[in-house]
Each structure stands twice: as C-alpha cells, then as structure tokens.
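Heads up: the structure comes next, in structure tokens.
The values are calculated or read from the model by the stated rules, or taken from the named source; none is laboratory data. Quantities reported herein were computed from a predicted structural model and do not represent experimental measurements. Heads up, the Cβs are rebuilt from the backbone with ideal geometry, glycines too, and the neighbour counts pull from every protein chain shown.
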Amino acid sequence: MTTQNAPLQSVIWAEDRLDLLDQRLLPEEIVYLPLVTSEDVWEAIRHLKVRGAPAIGISAAYGVVLGSRNETTPKRWLEEVLNQAEYLATSRPTAVNLFWALDRMKARAEQLATAELSLDEVKQALLNEALAIHSEDEETNRLIGEHALTLFEDGMGVLTHCNAGGLATAKYGTALAPFYLALERGMSLRVFADETRPVLQGARLTAFELQQAGVDVTLICDNMAGMVMSKGWIQAVIVGTDRVAANGDVANKIGTYSVAVLAKAHGIPVYVACPLSTIDLNTPTGAEIPIEERSAEEITEGFGKRTAPQGVKVYNPAFDITPNEYVTAIITEKGIVQAPYDVNLKKLFNQ
Ligand code: MRU
C-alpha cells in the first residue's frame, strides 16, 4: 500500500509543555503525551517513548526548561538548570546528542546568568535555546539528505537498520533523509528495512514512516539481510548512529555491526549519516563508548507474550560498535568524510 501523509512530528513544544509522540505505541496508535516536568521527560527517554539520538537531545533540552521554570531567584534558577541537566543526562548512556544538547543548555544558562536581564527574560532565552536546537536539527538533516543523495542512483536498492528517520529527529531523519529528498525529486529508490530486534524500530517506525510518505519500502527480518544482499537487491546500506568515536568507530542499534560485515562480504558500501553533534572527538575509539544494556523482557516478552523459558539468562545490549574499517563514508551536514577518520573527522570540525 502506498499512501502520502504529512509526516508525524515526534517532538512538539506546545507553549508551556512538551508534547511527545509515544513511539512505543506506533504504528497502531498515534498518541501525544503532554509532559510538564523534567521527570516526565527523563521517564519518556528511558522508556523509549521518545528515542533516536537527535530526538533524545531535543527532548532533554526542553526537559531542562521544564525542570527550572518555577525557580524564583536567578541564583536558584541557574543551580536548578545545572542540576536538571545532570539528572537528565542519566536517562540513557550511549547517544552523545543527549550530552551535547545538555552541555549547550548549561553553557547558555551560564552566559545568561551574567547578562543584565530579568528572570523572566532569562527563562525565555533558555527556552529559545531549546527551540533553536530543535529547529536547527531539521535544517541539518536536510543538508545530510542532500549530501547522501549524491551517493545514490535511480533504481538502487538501499538497506537500513533501526529507525534514523523523521521520528528519531526534528524532521527528515539522518539515514532516511535521502529517501524523502529522492521522493520529492521523482527519483526512485527501493528501501529494505530490517525489522530490528528486539524492539522493532525498523518494522514499527521505519516501515511506518516511509510507507506513510509514499517511499517504496520492503520490510525484512534482521536475519534476512544476507539473503537480500546475495540476491543483488542491495546496492548500499545507510544507517544512523548514536555516537561516532574520534577514530570513526560507530555505535548504532544492535545488529548494525552484523549488517556492515555482511555488506563488506558482498562488496556493498556502508554509509553512516549523522549530524556533527553525534561525533564525539573526546571518545578515542568505539571501545570507550558506553553501551546501554536493557531489560531481559525486551527479548523474552517483546511480542507481548512470553517467547522464552522463565529464568533463562539473557544478554540485551541496545547498541553495538561497527569498527571504522567497515564504514565506507560518514555523511554529515558539512559533507561526506572518508578514512582516515581520525584525521578527517577533526578537519570537519575546523572547517
Ligand atoms: O534505542 P533507539 O531506538 O534510541 O536507537 C536508535 C538508533 O540506533 C538510531 O539509529 C540512532 O539513534 C540514530 S537516529 C537519527
């Protein structure tokens, strides 16, 4: 079925509260949760109501605003901004966009605290910073899409893993941005979406948002990627990422590493799409990226019923590391970077 609907926004600032699309309920139900406290935001991030590296960062920025807005003195306000940022940073460990957005909010608050402004003006200016983080993400993703599109040709089959789409960002997504731009320009790409065990972001979110937009998308189970590659149906892989280390090692949804190894075996390029805010030059290699482990129930009861014996041992890392030698190129808003990543990623920041 091909339909064309306006894309759903995952994060909406609604005057004095944050409306978050509950991504756990997609594609069956479209429910926006009205969040009014930083605890609400922390809980939404931890429990994947909002997920995807940029969307987590944007939500946390609004969380700082919500958590500090009731302070009545400038001194208490600044203390609370810093406390709330520290608190929200504990919601999830891997996506560096979370820490990037919180650092940006802290730096802005510290700057505002020294300005000759009333407390109301200072609070409004901090909200403006969160709104800027939000709106800049949309423009960034469009640019990523433009650069990514130069790597694709009409009729190509492209495989993606997890969801790095509009739902994971302000709009367009990172890895999915070129598909939206291709559609706008009448270019036809055939997208294969891995269902992405254990919580099925590929099936529930990627297949949903691409189908809604009218992109040609075919859903496959994760363990079918090798098969479709061997049939010659895939000419490129494109994924998002939660953190790129200084040497170009990439943390992304569990299973990305397997896809990248398969792609290399079939001579298929692997592209990683992300904003500069996902590149962490302070983390030297993938070995230092903290990998989140999630509950056993995601695996043993992920389909809403028990699918494994009671008491079985479970290992459930949410992300894996794809070593840089499997990454053909990293696509950012500033352009496309190739190996040697330790040199070329640094150059990107100095441009
Ligand atoms: O656990 P999730 O759903 O937050 O994982 C998301 C991913 O792995 C995405 O690929 C990544 O955050 C990039 S989103 C543009």
| task | Please state which of the following conditions GLU297 fails to meet, knowing it meets all the rest: (1) within 16 Å of the ligand (Cβ to nearest atom); (2) surrounded by 19 or more Cβ atoms within 10 Å (Cβ to Cβ); (3) more than 18 Å from PRO93 (Cα to Cα). | result | (2)
| field | Filter result (part of a strand (DSSP E or B), away from the ligand (no atom under 15 Å from the Cβ) and under 20 Å from the mean Cα position of the chain (by Cα)) within the range 12-34 | value | ILE12, TRP13, LEU18, ASP19, TYR32, LEU33
| request: Would you mind stating whether ALA85 is in a helix (DSSP H, G or I) and outside the structural domain of ALA207 (by the TED database)? | output: yes
| query | With respect to ILE291, is the statement that it is surrounded by fewer than 21 Cβ atoms within 10 Å (Cβ to Cβ) and within 16 Å of the ligand (Cβ to nearest atom) true? | reply | yes
| remark: The residue from ALA44, ALA55, ALA61, ALA6 that alone is in a helix (DSSP H, G or I), more than 15 Å from the ligand (Cβ to nearest atom) and either modelled with pLDDT of 95 or more or of a type in the set (A, V, I, L, M, F, W, C) (or both) is ALA61
| Within the range 156-165, restricting attention to residues that are among the hydrophobic types (A, V, I, L, M, F, W, C) and either more than 9 Å from the ligand (Cβ to nearest atom) or on the phi > 0 side of the Ramachandran plot (or both), which residue is surrounded by the most Cβ atoms within 10 Å (Cβ to Cβ)? | CYS162
| For the range 166-265, list the strands (runs of 3 or more DSSP E) that sit wholly inside it and hold at least 2 residues that are away from the ligand (no atom under 16 Å from the Cβ); which are they? | 217-220
| said: For the range 266-293, give me each residue that is within 19 Å of the chain's Cα centre (by Cα) and in a helix (DSSP H, G or I). | reply: LEU276, SER277, THR278, GLY286
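A quick yes/no check of all residues on (1) closer than 18 Å to ASN252 by Cα; (2) modelled with pLDDT under 95:
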site	(1), (2)
ILE279	yes, no
GLY286	yes, no
ILE289	yes, no
GLY304	no, yes
VAL314	no, no
ASN324	yes, no
ILE336	no, no
ASN344	no, no
